[in-house]
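Enquirer: So that we are looking at the same thing, I have put the structure below in C-alpha cells.
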Amino acid sequence: MDGVENIDANLIETRINSKEIYHGRLLHVFRDEVRLPDGRTAEREWIKHPAAAAVVPITEEGEVIMVRQYRYPVRQVTLEIPAGKLDVIGEEPLACACRELAEETGCSAREMKYLTAIDTTVGFTNERIYIYLARGLAVGPQRLDDDEFINVVKMPLTDAVEKVMSGEITDAKSCIAILMASRL
C-alpha cells in the first residue's frame, strides 16, 4: 500500500520538551509539551511503564487456570490470568510470562505460544502487555512475592468466556486472552 506511512502525517504530535514529575518503583509520570499538527502547542501527561507479560494457561481438560487477587486501584478482588511486569531491563516477555506463571500458579508449561501484544490504555500510558498461551502444564508450588496474596482458580474455558461476556471478568488483558484462547 503506497503512501500508508503518510496517510496520518496530519495527526502526529512532536515532543518539544519533557519533564518527569513523579518517579516511582513501577511508574514514571511525565508532563510533555508537544507541537500539534497545526503548529500550536499543548501539554500531555503520560505514564511510562516497563511493559508486562501475561499467560492464559489451559489444562489438558480444557480448563483455564486463573488467579483471584485484590487490586487496590479498583478496590476489589479480580479474576485474572497470571501476569506481571518485566522486572529487569532487557527481560524478554516470554521469560517474564514463564516466571509469572510459576510464581502465581506454581505451574510450568511445556509449550508457550505467543498470542498478541496489547497497548492497555493508549490515552495516558505506554504500557504494553505481551500475551501467551500455555499448554502442557506441570503443577508445582506457588512462589509469590512477599506482598502478593493470590488464590488460584481453575474453570472450564467456556465458563471463563461466559464470565467475560457477562462482565464478571473485567480485566482487559484477561478478556482478550480468554477470548483469543477460546478461538484456538
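Enquirer: Out of segment 58-77, which residues are among the hydrophobic types (A, V, I, L, M, F, W, C) and either part of a strand (DSSP E or B) or surrounded by 11 or more Cβ atoms within 10 Å (Cβ to Cβ) (or both)?
Expert: Taking segment 58-77 first, the residues among the hydrophobic types (A, V, I, L, M, F, W, C) are 58, 64-67, 74, 77.
Correct list: Ile58, Val64, Ile65, Met66, Val67, Val77.
Enquirer: Now a separate question. Condition check: part of a strand (DSSP E or B), surrounded by 12 or more Cβ atoms within 10 Å (Cβ to Cβ) and within 14 Å of the chain's Cα centre (by Cα). Does Val34 satisfy that? Can you show your working first?
Expert: On the way: part of a strand (DSSP E or B): yes; surrounded by 12 or more Cβ atoms within 10 Å (Cβ to Cβ): yes; within 14 Å of the chain's Cα centre (by Cα): no.
The answer is no for Val34.
Enquirer: Picking from Ala177, Ala160, which residue would you name as being assigned by TED's automatic domain parsing to the domain that holds Ala102 and either among the aromatic types (Phe, Trp, Tyr) or farther than 21 Å from Asp87 by Cβ (or both)?
Expert: On the way: Ala177 fails: either among the aromatic types (Phe, Trp, Tyr) or farther than 21 Å from Asp87 by Cβ (or both).
Going through Ala177, Ala160 in turn, just one is assigned by TED's automatic domain parsing to the domain that holds Ala102 and either among the aromatic types (Phe, Trp, Tyr) or farther than 21 Å from Asp87 by Cβ (or both): Ala160.
Rundown of residues vs (1) part of a strand (DSSP E or B); (2) over 15 Å from the mean Cα position of the chain (by Cα), yes/no style:
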position	(1), (2)
Leu79	yes, no
Glu100	no, no
Glu111	yes, yes
Thr116	yes, no
Ala134	yes, yes
Arg143	no, yes
Phe149	no, yes
Leu179	no, no
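Enquirer: Against the condition among the aliphatic types (A, V, I, L, M), part of a loop (DSSP other than H, G, I, E, B) and touching a Pro at 6+ places or on another chain (Cβ under 8 Å), how does Leu26 come out, does it pass? Outline the logic, then answer.
Expert: Details: among the aliphatic types (A, V, I, L, M): yes; part of a loop (DSSP other than H, G, I, E, B): yes; touching a Pro at 6+ places or on another chain (Cβ under 8 Å): yes.
Taking the combined requirement at face value, the residue satisfies it.
Enquirer: Tally up the residues in segment 140-162 that are surrounded by 15 or more Cβ atoms within 10 Å (Cβ to Cβ), in contact with a Ser or Thr (Cβ under 9 Å, 6 or more places away or on another chain) and under 18 Å from Gly62 (Cα atoms), please.
Expert: 4
Enquirer: A further question on this structure: Of the residues Leu86, Leu115, which is of a type in the set (A, V, I, L, M), at pLDDT 95 or above and in the same structural domain as Lys163 (by TED's automatic domain parsing)?
Expert: On the way: Leu86 fails: at pLDDT 95 or above.
Exactly one residue qualifies, and that residue is Leu115.
Enquirer: Read through the list (1) crowded, with 18+ Cβ neighbours inside 10 Å; (2) at pLDDT below 95; (3) touching a Ser or Thr at 6+ places or on another chain (Cβ under 6 Å), then give the number of the only condition that Glu104 fails.
Expert: (3)
Enquirer: Suppose we keep only residues that are farther than 21 Å from Glu111 by Cα and small (Gly, Ala, Ser) within segment 161-177. Which one would you say is farthest from the chain's Cα centre (by Cα)?
Expert: Residue satisfying both the conditions and the ranking: Ser166.
Enquirer: Go through segment 89-98 and count every residue that is part of a helix (DSSP H, G or I) and either out of contact with any Ser or Thr (no Cβ under 9 Å at 6 or more places or on another chain) or at pLDDT below 95 (or both). Steps first, please.
Expert: So the first thing to find is which residues in segment 89-98 are part of a helix (DSSP H, G or I), and the list is 93-98.
The next check asks that each one be either out of contact with any Ser or Thr (no Cβ under 9 Å at 6 or more places or on another chain) or at pLDDT below 95 (or both); those that pass are 93-97.
Of the residues in segment 89-98, 5 are part of a helix (DSSP H, G or I) and either out of contact with any Ser or Thr (no Cβ under 9 Å at 6 or more places or on another chain) or at pLDDT below 95 (or both).
Enquirer: Which of the following residues is surrounded by fewer than 18 Cβ atoms within 10 Å (Cβ to Cβ) and acidic (Asp, Glu): Glu92, Glu80? Give the derivation first.
Expert: Working: Glu80 fails: surrounded by fewer than 18 Cβ atoms within 10 Å (Cβ to Cβ).
Selected residue: Glu92, the only one of Glu92, Glu80 that is surrounded by fewer than 18 Cβ atoms within 10 Å (Cβ to Cβ) and acidic (Asp, Glu).
Enquirer: How many residues are outside any helix (DSSP H, G or I) and in contact (Cβ under 8 Å) with a residue 24 or more places away in the chain if we restrict to segment 151-177?
Expert: Here is the first cut: in segment 151-177, the residues outside any helix (DSSP H, G or I) are 151-156, 167-171.
Now drop any that are not in contact (Cβ under 8 Å) with a residue 24 or more places away in the chain, which leaves 151-156, 168-171.
Total meeting the criteria: 10.
Enquirer: Another question about this same structure. Considering only residues that are surrounded by fewer than 16 Cβ atoms within 10 Å (Cβ to Cβ) and small (Gly, Ala, Ser), look in segment 37-57 and name the one that is nearest to Thr125 (Cα to Cα).
Expert: So the residue we want is Ala51.
The values are calculated or read from the model by the stated rules, or taken from the named source; none is laboratory data. All values reported here derive from a predicted model rather than from experimental measurement. Every residue, glycine among them, receives a Cβ derived from its backbone with ideal geometry; neighbour counts consider all protein chains shown.
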